[in-house]
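Asker: Structure provided below as structure tokens; questions to follow.
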Amino acid sequence: MDAYFAHSMIEKEDFEKMEQYILDHVPAEDFAAVRKNLKPTSIILEEATDKAYHEGAVLEHGCPVEIRKSLEPLEKRLPDVVGIGFAKCGTGTLQFLDCHPSVTMRSTEPKFYNSKNAFDIIQFDGEGTPEKYDYLKKIEITAGKDKQKFLKFTKTVLTVNPKKQYAGSAALDVAKAMKILNPKTKIIGIACDPIKRVYSQFAMKNRRTEFKTTDGMDEEAIHKCKACLNKDLNETIKDFTENAQRLLDNGGNSPGFDEYARALEPFVEQFGDENVLLLDGENLITQPNQEWARLLEFLGLNKESMKFYIDEEKGFPCLEKPVKYCLNGAKGTSRKIDVRQEYPEDTAIWRKSFSPKIKEMILFKKICNKIDEKCCQKLRDEKSSFSWAHEYACLDV
């Protein structure tokens, strides 16, 4: 319980559940406004967490702040490690890193490397003499008040920031800006089974658009209620399937959710393949210790410093070492549905549609040197990273 929640006697997990409950049950026409009004509570939470890091409190997830206490001077710093997404692939599991004594992670990352700031940084680097300025000066020039959102750290602590949106259309500018300000940045991406990802995305959207009709609404209400015009889950899936089939029939690309290689390419180009790690989001759930060993080794940390177990009730991993900690109960709710069993004909079409891009991912990150029987045999091992890719990559092998 951090400083704020210790004072208010509200557990942070209960606070998050309450906030999520409100968002899941608010009428669709009010969703945007309610979410905006909930934002200040997130700011309060972040400020309280920042305060707790350096005032001897216990953080909201139960990791004692004493492990970060140091007599070394503190300084505002850019992150050493950035998580670039992808949505619905388990980026939230990186929160466990905050329980490591050598890592500090901010749960809500300041929007510093957005497209506008990234462009300004690139322009500044080309026109000025960045060697004369330290990082804080550059941040002040390019991001203004955003610089105040960076925490202070010692020089020895590893700082991690997650950000799903970094894998978007402005990825190249973002990667260039990161390279200019911190050329030693390490990049983490989490890829997952695109079929599960599609269903998870649509299921979340469906929960947030409860009203599907405009019956009884006046024109002003209908104008405000764009979200409530969304189709129900089955209709959304049907439309997605028809679009995927249409693309297949015309030799086109897949309808998104599998652009892993393309999203990572700008970061590999700027930082080198050795500084860009692609984790298996499915393995983070089913084989957490194996996948976390890969992550810890990539970060230069002891692979034995964090251990996990599968919580039977949640069906999700929880941290066993160095402290006991589970993510909040809202995580992974859509994963309890076997989408292939519920929608066998639809997912068969999705599988064919996603196949080319998953092959591209396998070759780009050198999971296999080529797609052949040897590669497929490796991917058939359910305990290996990216074993789910077998279904897509080995259709014709």
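Asker: Give me 192, 394, 99 ranked fewest to most by other Cβ atoms within 10 Å of their Cβ, as a rough exposure proxy.
Answerer: With the fewest neighbours first, 192, 394, 99 line up as 394, 99, 192.
Asker: So, counting K/R as plus one and D/E as minus one, what does the shell of residues with Cβ under 14 Å around residue 349 add up to?
Answerer: -2
Asker: Too long at a 25 Å Cα-Cα cut-off: which of 88/383; 184/357; 88/352; 303/336; 359/383; 303/365?
Answerer: Distance filter (> 25 Å) returns 184/357; 303/336.
Asker: Follow-up question, since we're still on this one. At what distance in angstrom do the alpha carbon centres of the stretch 349-374 and the stretch 247-313 lie from each other?
Answerer: Comparing the Cα centres of the stretch 349-374 and the stretch 247-313, I get a distance of 15 Å.
Asker: Another question, if that's okay. Apply the Karplus parameterisation 6.51 cos²θ - 1.76 cosθ + 1.60, with θ equal to phi minus 60°, to every residue of the stretch 364-375 and state each ³J(HN,Hα) to the nearest whole Hz, in sequence, with x for glycine and proline.
Answerer: Couplings: 5, 8, 6, 5, 9, 6, 7, 7, 9, 4, 4, 5 Hz.
Asker: Which of the GluC sites (Glu not before Pro) across the stretch 292-397 are loop residues per DSSP, with 12 or fewer other Cβ within 10 Å?
Answerer: 304, 312, 313, 382
Asker: Let a ≥ b ≥ c be the square roots of the eigenvalues of the Cα gyration tensor of the stretch 315-397; is it rounded (a/c under 1.5), or, if not, prolate (a/b larger than b/c) or oblate?
Answerer: Oblate shape, in that a/c is at least 1.5 and b/c is the bigger or equal ratio.
Asker: For every other residue with a beta carbon closer than 12 angstrom to the beta carbon of residue 324, add +1 if it is Lys or Arg and -1 if Asp or Glu, then tell me the sum.
Answerer: Counting the neighbours of residue 324, the net charge comes to 0.
Asker: Please give me the summed charge of the neighbours of residue 307: other residues whose Cβ is under 13 Å from its Cβ, Lys and Arg +1, Asp and Glu -1.
Answerer: Around residue 307, the surrounding residues sum to 0.
Bear in mind these aren't lab numbers, they're just calculated from the coordinates by the rules spelled out. Just so it is clear, the structure is predicted and the values come from calculations on it, not from any experiment. Glycine also receives a Cβ, built like all others from the backbone with ideal geometry; neighbour counts cover every protein chain displayed.
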